[in-house]
Amino acid sequence: MSASPHDAFELPRQSMSNGMQVGISDREFNALRTLIYAASGISLSATRRALVCSRLSRRLRELQLQSFSDYHELVVSEGPDSEEYQLMINCITTNMTSFFRENHHFDHLRNKVLPALRERVRAGHPRRLRVWSAGCSTGEEPYSIAMACLNFWGTTAAQWDLRILASDIDTEVLARADAGRYPADQLENIPQDQLQTHFLRGRGDWAGFCQVRPEVRQLVAFRQLNLIEDPWPIRTQFDLIFCRNVLIYFDHPTKNRIISRLADTLTEDGTLFLGHSESAETTTTGLMSLGNTTYRRRAAAGAAAVTPVPALKPADT
Ligand SMILES: C[S@@+](CC[C@H](N)C(=O)[O-])C[C@H]1O[C@@H](n2cnc3c(N)ncnc32)[C@H](O)[C@@H]1O
């Protein structure tokens with residue numbers, strides 16, 4: 001499951017219900033990729049033409065449209081707040097993820113972040129941790145974070161105030177994430193005892209599925225958030241931000257702008273985790289590299305500590 005997100009780009013072209021395949025002209029592809037870029041920041045090079053064709057063919061079929069020009073015209077006329085605009089974005093996003101993906105980040109959490117936080121608590125810091133999983137897809141990442149924290153804290157977990165904001169642009173993956181139900185064969189990375197601690201086994205119609213237990217789900221608030229929106233509707237300074245395997249879909253200016261804004265959203269000495277093929281500019285962002293695509297916000301000389309503002313509600317369960 002932890003294949004590169006790029007692998008998911010190589011999808012077969014889908015055919016129309018009548019067996020015919022609608023082709024996409026240069027003009028149609030350019031018009032659609034311009035629209036997608038403006039809507040999401042996702043930058044599609046000329047090599048992504050088959051992807052656009054394949055992913056949007058389903059919408060053409062469902063709407064019984066004859067061409068991509070018709071589809072483009074429809075989305076433009078319905079506008080950015082329309083359902084079709086959102087469905088177009090949902091079709092284009094690549095949502096590859098898995099539990100404890102890039103496990104070295106969870107090792108860093110267990111071996112560095114959480115022990116350091118425990119020391120700070122001994123020195124009078126509140127038992128509070130604010131985390132943002134930005135581009136959370138179907139929820140495996142934020143639930144893995146919650147489980148790693150609960151495992152580390154053990155019997156003292158109830159004393160901790162942990163809240164995880166998990167956001168994505170794609171409403172379809174957010175609905176699946178919120179339900180927290182996964183096919184059992186996607187949970188292979190999770191040891192048996194952890195499965196029993198953190199999941200419920202499905203019965204009847206849900207046989208073969210496992211659901212994340214309510215006590216874990218209530219730590220995560222799923223929200224739609226488009227990372228290219230400015231400003232973000234967020235008042236919290238986060239101790240940890242996971243923004244992994246999301247920025248690869250953006251061009252350099254967009255990626256750099258988002259990384260700077262993520263850095264500004266961290267608490268002083270907060271940690272940013274990026275995906276394995278992503279990196280942050282350290283000279284301009286106030287971030288310093290800790291290796292393994294892990295970055296810490298440098299304390300500003302003489303600046304007062306940032307007071308975290310708890311602005312998130314637990315997810316509805
Ligand atoms: C490959 S998944 C990464 C999931 C998870 N972070 C991981 O590393 O396993 C990329 C996610 O980024 C989301 N995404 C793409 N563009 C976005 C945007 N402009 N704002 C927010 N999320 C976006 C996609 O919907 C998708 O779910």
**OP:** For region 282-294, take each phi angle, set θ = phi - 60°, evaluate the Karplus expression 6.51 cos²θ - 1.76 cosθ + 1.60, and give the result in whole Hz per residue in order, putting x for glycine and proline.
**Re:** 9, 6, 9, 9, x, 9, 10, 7, 9, x, 6, 6, 10
Subject >> When the convex hull of its Cα atoms is projected in every direction, mean area for the chain (nm²) >> reply: 17.9 nm²
**OP:** Just read off the accessible area of ASP264 with the full protein assembly in place, 1.4 Å probe, to the nearest 10 Å².
**Re:** 100 Å²
Subject >> Rounded to whole Hz, the Karplus (6.51, -1.76, 1.60) HN-Hα couplings of region 83-89, x for glycine and proline >> reply: 5, 5, 4, 5, 5, 4, 4
Original post:
Over the chain, what is the mean sequence separation of C-alpha contacts under 8 Å (at least six apart), divided by residue count, expressed as relative contact order in percent?
Top reply: 16 percent
**OP:** Compare the peptides 144-152, 288-296, 167-175 by average per-residue count of other Cβ atoms within 10 angstrom and give them in order, highest first.
**Re:** 144-152, 167-175, 288-296
Subject >> Karplus 3J(HN,Hα) series, Hz, for region 149-166 with 6.51 cos²θ - 1.76 cosθ + 1.60 (x for Gly, Pro) >> reply: 5, 4, 4, 5, 7, x, 5, 8, 3, 5, 7, 9, 9, 10, 9, 10, 8, 10
Subject >> Relative packing of 86-96, 188-198, which averages over residues the other C-beta atoms within 10 Å, highest first >> reply: 86-96, 188-198
**OP:** Grab the DSSP H runs of the chain that are 4 residues or longer, score each as -39,500 (n - 2.57), total them, divide by all residues and round the 222 nm result to the nearest 500 deg cm²/dmol.
**Re:** -10500 deg cm²/dmol
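Which percent of the accessible heavy-atom area of region 103-297 goes to carbon and sulfur, probe 1.4 angstrom?
For region 103-297, the apolar C and S fraction of the accessible surface comes to 46 percent.
Hey, what's the per residue convex hull volume over the C-alpha atoms of region 60-152, in cubic angstrom?
Convex hull of Cα atoms, per residue: 131 Å³.
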**OP:** Would you please give the residues with an amide H less than 5 Å from that of PHE199, counting only those at least 5 places away or on a separate chain, with H modeled from the backbone geometry?
**Re:** ARG213
Original post:
How far is helix 252-264 tilted, in degrees, relative to the longest principal axis of the Cα atoms in the chain, given as a value from 0 to 90 rounded to the nearest 10?
Top reply: 30 degrees
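Given the Cα-Cα distance of THR155 and ARG235 and 0.36 nm per residue of separation, how much length would full extension add, in nm?
Contour length minus the Cα-Cα distance gives 25.7 nm.
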Original post:
Out of residues 5 or more away from PHE242 or on other chains, whose amide H comes under 5 Å of its own, with H placed 1.01 Å from N in the peptide plane?
Top reply: TRP132, SER133, ALA134, PHE273
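The values are calculated or read from the model by the stated rules, or taken from the named source; none is laboratory data. Bear in mind that the values here come from a model prediction, so they are computed numbers and not experimental data. Quick reminder, even Gly has a Cβ in these numbers, built from the backbone with ideal geometry, and neighbours come from all protein chains shown. Accessible surface areas use protein heavy atoms only, side chains included; no ligands, DNA or RNA. Shrake-Rupley method; radii C 1.70, N 1.55, O 1.52, S 1.80 Å.
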